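Contents: one structure, followed by commentary.
Since every read-out is calculated from the coordinates, none of them should be taken as a lab result. Nothing here was measured: the structure is a model prediction, and the numbers come from that model. Quick reminder, even Gly has a Cβ in these numbers, built from the backbone with ideal geometry, and neighbours come from all protein chains shown.
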Amino acid sequence: MKFSAVLLTFALALSVSAAPQQQKQNAIQNKGGAQSQNNNKNGQNGQAQNGKNGQGNANAGKNANNNNNNNNKGNNNAAAVTLDPKVIAKGFANNGQDVPTAGQVASLTSTNNFINFCLTVPNLPLTNGQQITTGSCNPAPMGIIPSSDNMPSSKFVSPKNGDTIKSNTAFTITMAISNLETGNFVNAQENYFAAPQQLNGGGVVKGHSHVVVEQVSSFQQTTPTNPKVFAFFKGLNDAAQNGQLTAAVTNGLPAGTYKLSSINTAANHQPVLVPIAQHGSLDDAVYVCNTAAANNNQAAQQNGGNKANNNNQAGQQKGNNNQAAQQNNGQKGAQQNNNNNKQGAQQNNGKNGAQQNNGNKNQQNQGQQKVSFSPALCLANFVDPIL
């Protein structure tokens, strides 16, 4: 009985001592489990965050691509074969007759910027960058128009209007130009009218100029010239130096009357386009006379001098005839007449000599004088054989 009580007491003691250990073990296990759960949770959260970060990086890449696409969208749309609605000019649908004016005609209209306009003239080939002399249809848009403050202009510096140029002698055409970024020209055989007009960073048309010389019948010619006929043509492809362009006419021009004109164009050789209808001329024109004028004047003076000398000689001969008649009337009268005639002849001779000296002197002086412009001389002596 006593032994059983002792065993019971011992068992109770073991159970009491084991309880804290189990609780401690359970606490440790619970803590470990909690840590494990927390670790799992943290791992999941980390994975989720990493996934979120990865998704964020993907979004960032997507945004970057979108930005690049947006930046390149304009270029891509420029290469598209369809019309972007954002560039449709709604004003093109108006024929302009809402406020009619006497003599004003209705404009062609379009709701698609005339994108297929050349289909309306199927008998014509596309210009396609070529200089087609039989006619063509050009589908290229007009391009960028400068402000009215940047409209180009040119003026001939040499020769000036009304100048006289020695015929068949080399000379240089010099032209001042403003508001045109010169030196921009494309292949005229492959890119003629093949691109829109462009501006530089300052809003100035990028292009180049030309000079053309046409022979006219006179300074008073009123009939239009033939654009297919010209005496000299030169594209001024270099950039202007100090605001001036030059063209060397190395062989000169034959004697005649000429019109010099400028042709200012955009890079693709199309005439420069400006923003307003009422404006000054974008080009210049002058008229010059090519002639050996000094020789002609000298010849005219020689003819005049010879005529005067002949008249004087005829007068002297008349005096001699009068002298013979006076001799028949009497010796004394004849002698007096002879003396008078002699004196008259001497006076006439002296006068004739003075006239001859004056004529020679005037001829020499004329040959030394600078040839001045004489429209009458060009009008009288030169006629264009073409017109």
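Amide H neighbours of Leu253 under 5 Å, counting only residues 5+ apart in sequence or on other chains, H built in-plane at 1.01 Å?
Asn168, Thr169
Rounded to two decimals, what is the ratio between the C-alpha radius of gyration of region 148-290 and 2.2 N^0.38 Å?
Dividing the Cα Rg of region 148-290 by 2.2 N^0.38 Å gives 1.07.
From the cross-link list Lys160/Lys206; Lys86/Lys228; Lys90/Lys206; Lys86/Lys234; Lys166/Lys234; Lys206/Lys259, which pairs have alpha carbons spaced over 32 Å apart? Each step should come with its number before you reach the end.
On the way: Lys160/Lys206 27 Å; Lys86/Lys228 42 Å; Lys90/Lys206 28 Å; Lys86/Lys234 42 Å; Lys166/Lys234 20 Å; Lys206/Lys259 27 Å.
In this structure, Lys86/Lys228; Lys86/Lys234 exceed 32 Å between Cα atoms.
For the pair Ala78 and Thr174, how long in nm is the line joining their label points, each one 7 Å along Cα→Cβ?
3.9 nm
Treat the count of other C-beta atoms within 10 Å as a stand-in for reagent exposure and order Cys289, Cys118 from fewest to most.
Cys118, Cys289
Multiplying the sequence separation of Phe230 and Asn191 by 0.36 nm and subtracting their Cα-Cα distance, what value in nm do you get?
Fully extending the segment from Phe230 to Asn191 adds 11.7 nm.
For a Förster distance of 41 Å, can you work out the FRET efficiency between the beta-carbons of Phe117 and Gln220, rounded to the nearest 0.05? It would help to have the intermediate numbers written out before the result.
Working: r = 43 Å, r/R0 = 1.04.
Computed FRET efficiency for Phe117 and Gln220 comes out at 0.45.
Contour minus end-to-end for Asp238 and Ile132, with contour as 0.36 nm per residue of separation and end-to-end as the Cα-Cα distance?
Working: separation 106, 0.36 × 106 = 38.16 nm, distance 2.58 nm.
Here the answer is 35.6 nm.
Between Phe232 and residues 5 or more places away or on another chain, which pairs have amide H atoms under 5 Å apart, with H built 1.01 Å from N, and which residues are they?
Hits under the 5 Å cutoff: Val213.
Which value in nm describes the separation of the simple spin-label points at Thr250 and Val157, placed 7 Å from the Cα toward the beta carbon?
Taking the simple label geometry, Thr250 and Val157 are separated by 2.2 nm.
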